[in-house]
Amino acid sequence: MSYRKLATLSIASLLAVTTGLVSSFRLPGFAQGGLTIFSGVESGYELGYSMDFLGRPGARDRYRLSIPRDKMQVAASELFISYPETYRGRFDADSIRLEVNGDVVELEDVVWDRDNRVISIFPAEPVPANTRVQIVMSNVRNPNRVGTHYFNASVISPGDIPLRRYVGTWIVSIGSY
């Protein structure tokens, strides 16, 4: 074999092996909410999220639903996550935790109302306004079908008229890795 042919073959082999190695590793970063151009969610109300186990259909996962401090304009004595009929996954109310500014907050109760498709989170103490909130939902069973689902966040303020205030929407994609 000539030197030129051998060098070309070596480079091609190296490129093939490198491509195979890089594409075989899926990083959790690929499971993040990506760029959404035409979502139907009003600008400024789209919330960020991540999935620890890539959002594979039918698999167990952990959702990290984030609410930035500028969206928490009022204190919250109750937090709600509503999701559409198209989402056929399952949640474990005992495996849901609430973090405020990175610290885990004690919860009084978490209720998953399957019929009305709402998860209600009751912190032991109200969550202060202008704080960064993250809802960590472990032991989630993703739906079996690929799809995009809109999860809406709302809160009730302590001492306020018990009306839910819309905070924003997480556009959760299953199987879009």
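A few remarks follow.
- Residue within the stretch 47-62 that is among the aromatic types (Phe, Trp, Tyr) and either surrounded by fewer than 14 Cβ atoms within 10 Å (Cβ to Cβ) or touching a residue at least 60 places away in the same chain (Cβ under 8 Å) (or both) present: yes
- Strands (runs of 3 or more DSSP E) lying entirely in the stretch 93-155 (those with 2 or more residues that are within 17 Å of Asp70 (Cα to Cα)): 96-100, 133-141
- Any hit, the stretch 125-134, residues being of a type in the set (D, E, K, R) and touching a Gly at 6+ places or on another chain (Cβ under 9 Å): yes
- Conditions (1) farther than 20 Å from Arg64 by Cβ; (2) among the basic types (Lys, Arg); (3) part of a strand (DSSP E or B): number failed by Arg88: (3)
- The residues of the stretch 164-177 that are at pLDDT 90 or above and part of a loop (DSSP other than H, G, I, E, B), listed by number, are Arg164, Gly175.
- Sole exception among (1) in a strand (DSSP E or B); (2) aliphatic (A, V, I, L, M); (3) surrounded by fewer than 19 Cβ atoms within 10 Å (Cβ to Cβ) for Ile81, by number: (3)
- The condition (being within 20 Å of the chain's Cα centre (by Cα), surrounded by 15 or more Cβ atoms within 10 Å (Cβ to Cβ), modelled with pLDDT of 95 or more and over 28 Å from Ala59 (Cβ atoms)) is satisfied by just one residue among Val155, Val136: Val155.
- Positions within the stretch 48-64 being out of contact with any Leu (no Cβ under 7 Å at 6 or more places or on another chain) and not in a loop (DSSP other than H, G, I, E, B), in sequence order: Ser50, Met51, Arg60, Asp61, Arg62, Tyr63, Arg64
The values are calculated or read from the model by the stated rules, or taken from the named source; none is laboratory data. Because the structure is predicted, anything quoted here is derived from the model rather than measured. Backbone-built Cβ (ideal geometry, glycine too); neighbour counts: all protein chains shown.
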